[in-house]
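Read-outs throughout are calculated quantities, based only on the coordinates presented, and are distinct from any laboratory measurement. What you see is a predicted model; the values in this text were computed from it and never measured. With ideal geometry, Cβ positions are generated from the backbone for all residues, glycine too; neighbour counts draw on all protein chains shown.
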Amino acid sequence: MTTVHIENIRKTYGEFTALEGLTLDMAEGEFVSFLGPSGCGKTTALRIVAGFEFADSGSVLIDGQAIDGLAPNRRDMGMVFQNYSLFPNMSAVDNVAFGLRVRKKSGDQVAKRAREMLELVGLSGKEANYPHQMSGGQQQRVALARALAIEPRVLLLDEPLSALDAKVRVSLRNEIRVIQKELGISTIFVTHDQEEALTISDRIAVLSQGRLEQFATPEQIYRSPATPFVAAFVGESNRFSGTVAAGGAVDFAGSLVPLAGATSHPVGTRVDVLVRPESTALLDPGESGLPATVISQQFQGSRTRVLAHLNSESDPTSIVISDVSGGRHEHLVNGTAVSVGIDGRTALVTTPLP
Amino acid sequence: MTRSRAPIGRWAIVALCVAFFAVPLVALAIFSFTSGSGWTTAAYSAIFRDAQFWKSVGLSLLLAALTTVLSLTLMVPTVLWVHLRAPQYRSLIEAITLLVFAVPPITLVIGASGLLLGLVPKLLGTPLILVPFYIVLSFAFTFRALDAGVKSVDLHTLVDAAHSLGAGTASTVMRVILPNLRTAILGAAFLTITVVLGEYVLSSLFLYNTLPVYMADVGTSQAQGAAALALITVLFTWLLLIAVSVVSRRLGGQRVGTMIAST
């Protein structure tokens, strides 16, 4: 069991700042995702932990010990790469055995452990297959087995699923999580796919332009985004413009809606309010909310997404997205006048966004 | 145009191409086996009995072996370095490898031999003086063969993977890089050997009797002998290609033919 502490890491490439003051702590056996758009610094951060890149300043500590000067081959970290990284000249079992052979383990031990690892990732019987004889999903399983075979202190996953097709991606990510929990290995998972990060992580570090925006559980990230970037990047949001009114409410062109977040802004200031589709409600006209007209319905299985056009012209989002579960959408035919209610506890109130 | 004509047209083109390559060879073979009175192997037995032939073959093979070993020793690390550490120099090095073709051989010989003899005077008077020239000549081919080989694998990721699994540099080179470049290295070696076995201008300027020079000499006095020699050289080169191809396929690599074609 290993703790990882990333302390004030800064990394620049010429003029470009890849990471600025990244600090975060990982508990023993924790599964942490680095999530962000491309160029946000998530892969750079992972490569610094792995030892492939060196930070300009700051430190990485494993179990309290700084490892900054250590070469990658002395860090005891298992890594799975985005591109298929299996050695093409070796069979599956030889790939898995590679790290053990480099460590000069005895032949019997190596063969036993390599076979166990392939079994763990569900590839018994494929020992003799070469990488070119395996599917993308199988190759990434072997890569996972290879990374785990050396009993690494930390498991590093660099977008290992992004080259796979949708079905395999979902099943493999579930398996990764099961195996990770079973072994209790501290894991960093880099991804740009928010759904992936939300489903498998203990905690998510959301990065943008080299800075840590929020480091919290998936639920906190989704329900109470710390910054407008997180609110916009993770999940979908409606955005409304309003003015802070007295008594913890926001005035949307004459409609007063009570919002918990409004109290932190002075009365009379312009604010943007970010609201998840499922935190909106399409109420009867006249109830407290923003007046709108239904323009379309999209059936999405367990829920139906209803789009409504705001009657007020001043809002940046003139189309409201609202998710309605079950069959409660049937009366919402096109042209129905509604009042868009906002869940005051989860809406994010922020200074106007660009 | 009817559908049935297209394949006929295609076959005609193939047949034409085959004829283009085969007719001169067949003519060469027929000519080498004839004398005024009929079929004979006299030209071949004359060549095989000529001590100078064997000396020339020996010299050419020695030069080919030395050139191949030295050229690869220089070029394999260079290509790896360029790809892993200094990709910005790749086009520069590619241009340098081509430079030798921009210099007329006589200029090369006069210019470079002065320098070489100043540096290594012992080379004077031995055919080994040809080796440095052949190495430079072979760079264009070895660089391209190795470059294509490196590009066909994701070298960066493989090296990172090996390092993260605990392998040091030596171990990574021996267990991961070289095995995955085996086909490219064999291809480079093959190209170098054929360059050396076919090089005439430099060796004749230096007055050494390599196989091509010997062949040209024979051609001035015995027409059948020159034809026989040409055929022997062609067959020998083919055998070499097949041997390299078989070896590399046993090792599980891609076919050398396709690899050379891609360079």
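Looking at the P(r) of segment A:236-350, how many percent of alpha-carbon pairs lie beyond 25 Å? Please report the intermediate quantities before stating the final value.
Working: 1164 of 6555 pairs.
Percent of Cα pairs beyond 25 Å in segment A:236-350: 18.
Using Cβ counts within 10 Å as a stand-in for footprinting exposure, how do B:C17, A:C40 rank, fewest first? It would help to have the intermediate numbers written out before the result.
Values: B:C17 10, A:C40 24.
Listed from fewest to most nearby Cβ atoms, that is B:C17, A:C40.
Could you work out which residue, out of A:T187, A:T336, A:T217, moves most in a Gaussian network model of chain A, that is, has the largest mean-square fluctuation with Cα springs under 10 Å?
A:T336
Please find, in a Gaussian network model of chain A (springs between Cα atoms separated by less than 10 Å), the residue of A:S201, A:S38, A:S59 whose mean-square fluctuation is greatest.
Maximum fluctuation in the GNM of chain A, among the listed residues, is at A:S38.
Whole-Hz Karplus ³J(HN,Hα) for segment A:68-78, in order, using 6.51 cos²θ - 1.76 cosθ + 1.60 and θ = phi - 60°, x for Gly and Pro?
Listing the rounded values in order: 4, x, 7, 5, x, 6, 10, 9, 6, 10, x Hz.
Near A:T351, within a Cβ-to-Cβ distance under 15 Å, what is the net charge of the other residues, with Lys and Arg +1 and Asp and Glu -1? Don't jump to the answer; show the numbers that get you there.
Values: positive: A:R239, A:R270; negative: A:D272.
Once positives and negatives cancel, what remains is +1.
Which Rg and Dmax, in Å, describe the Cα atoms of chain A?
24.5, 78
Counting only helical runs of four or more DSSP H residues, what would the 222 nm mean residue ellipticity of chain A come to if each run contributes -39,500 (n - 2.57) and the total is spread over all its residues?
The helix-only estimate for chain A comes to -7000 deg cm²/dmol at 222 nm.
What does the structure give for A:87-98 when I average, per residue, the other chain Cβ atoms found within 10 Å of the residue Cβ?
On the way: counts 10, 9, 12, 4, 0, 0, 0, 1, 2, 1, 0, 8.
Taking all residues of A:87-98 together, the mean is 4.
Where the centroid of each part is defined by its Cα atoms, how far is segment B:177-239 from segment A:175-238 in Å?
For segment B:177-239 versus segment A:175-238, the Cα centre distance is 64 Å.
At 4 °C and 1.567 mPa s, what whole-number value in µm²/s does Stokes-Einstein give for the translational diffusion of segment A:1-117, with Rh from the Kirkwood sum over Cα pairs?
After rounding, the answer is 80 µm²/s.
Over the whole of A:189-199, what's the average partner chain Cβ count within 10 Å per residue? Rounded to a whole number, please.
Values: counts 0, 0, 0, 0, 0, 0, 0, 0, 0, 0, 0.
Partner-chain Cβ atoms within 10 Å, mean over residues of A:189-199: 0.
Going by amide H atoms built from the backbone, whose H comes under 5 Å of the H on A:F189, apart from near neighbours?
A:V32, A:S33, A:F34, A:L157
Could you size up the charge dipole of chain A around its Cα centre, putting +1 on the beta carbon of Lys and Arg and -1 on that of Asp and Glu, and report it in debye to the nearest 20? Don't skip to the answer; put the middle values down first.
Values: 32 positive and 39 negative charges, 222 e Å.
Result for chain A is approximately 1060 debye, rounded to the nearest 20.
Fewest first, what order do A:T304, A:T44 take by the number of other Cβ atoms within 10 Å?
Starting with the residue having the fewest Cβ neighbours, the order is A:T304, A:T44.
Give me the dipole magnitude in Debye, nearest 20, for segment A:140-203 about the Cα centre, with unit charges on the beta carbon: positive for Lys and Arg, negative for Asp and Glu.
160
Which whole-Hz ³J(HN,Hα) couplings does segment B:223-233 yield from phi under the Karplus relation 6.51 cos²θ - 1.76 cosθ + 1.60, θ = phi - 60°, glycine and proline marked x?
Couplings: 5, 5, x, 4, 5, 4, 4, 4, 5, 4, 4 Hz.
Amide H to amide H, which residues 5 or more places from A:T336 or on other chains are under 5 Å from it, using H placed in the peptide plane?
For A:T336, the qualifying residues are A:V294.
Over chain A, what is the mean sequence separation of C-alpha contacts under 8 Å (at least six apart), divided by residue count, expressed as relative contact order in percent?
The value is 16 percent.
Ranking A:L290, B:L72, B:L117 by Cβ neighbours within 10 Å, fewest first, what do you get?
Fewest to most other Cβ atoms nearby, the residues stand as B:L117, B:L72, A:L290.
Distance in nm between label sites at A:F54 and A:L70, each 7 Å beyond Cα in the beta-carbon direction?
Taking the two extended label points, one gets 1.6 nm.
Taking Cα pairs under 8 Å and at least six residues apart, what relative contact order does segment A:208-287 come out at, in percent?
Values: 98 pairs, mean separation 20.4, N = 80.
Computed over segment A:208-287, the figure is 26 percent.
What's the percent breakdown of Cα-Cα distances in segment B:1-122 across 5 Å bins, shortest bin first?
Bin by bin from 0 Å, the calculated values are 2, 7, 7, 9, 11, 11, 11, 12, 11, 10, 6, 3, 1, 0, 0.
Could you please report the charge total around A:D193, scoring K, R as +1 and D, E as -1 over all other residues with beta-carbon less than 11 angstrom from its beta-carbon?
Numbers: positive: A:R169, A:R173; negative: A:E159, A:E195, A:E196.
Charge balance near A:D193 sits at -1.
Quick check: pseudo-label points 7 Å beyond the Cα along Cα→Cβ at B:L25 and B:H156, how many nm apart are they?
So the two model labels end up 4.3 nm from each other.
Would you kindly work out the equivalent ellipsoid of the protein assembly as shown from its C-alpha gyration tensor and give its semi-axes, the square roots of five times the eigenvalues, largest first in whole Å?
Values: eigenvalues 956, 176, 121 Å².
Equivalent ellipsoid semi-axes, largest first: 69, 30, 25 Å.
For a bin width of 5 Å, list the pair-distance distribution of chain B built from all Cα-Cα distances, rounded to whole %.
Bins of 5 Å from zero give 1, 5, 10, 12, 14, 13, 13, 11, 8, 6, 4, 2, 1, 0, 0 percent of pairs.
In the neighborhood of A:H5, defined by Cβ-to-Cβ distances under 11 Å, what is the net charge if each Lys or Arg adds +1 and each Asp or Glu adds -1?
Details: positive: none; negative: A:E7, A:D25, A:D63.
Neighbourhood net charge equals -3.
Amide H neighbours of A:E213 under 5 Å, at least 5 residues apart or on other chains, H built in the peptide plane: list them.
A:V206, A:L207, A:S208
Please compute, for peptide A:73-80, the average count of beta-carbon atoms on other protein chains lying within 10 Å of each residue's beta-carbon.
Whole-number average of other-chain Cβ neighbours for A:73-80 is 4.
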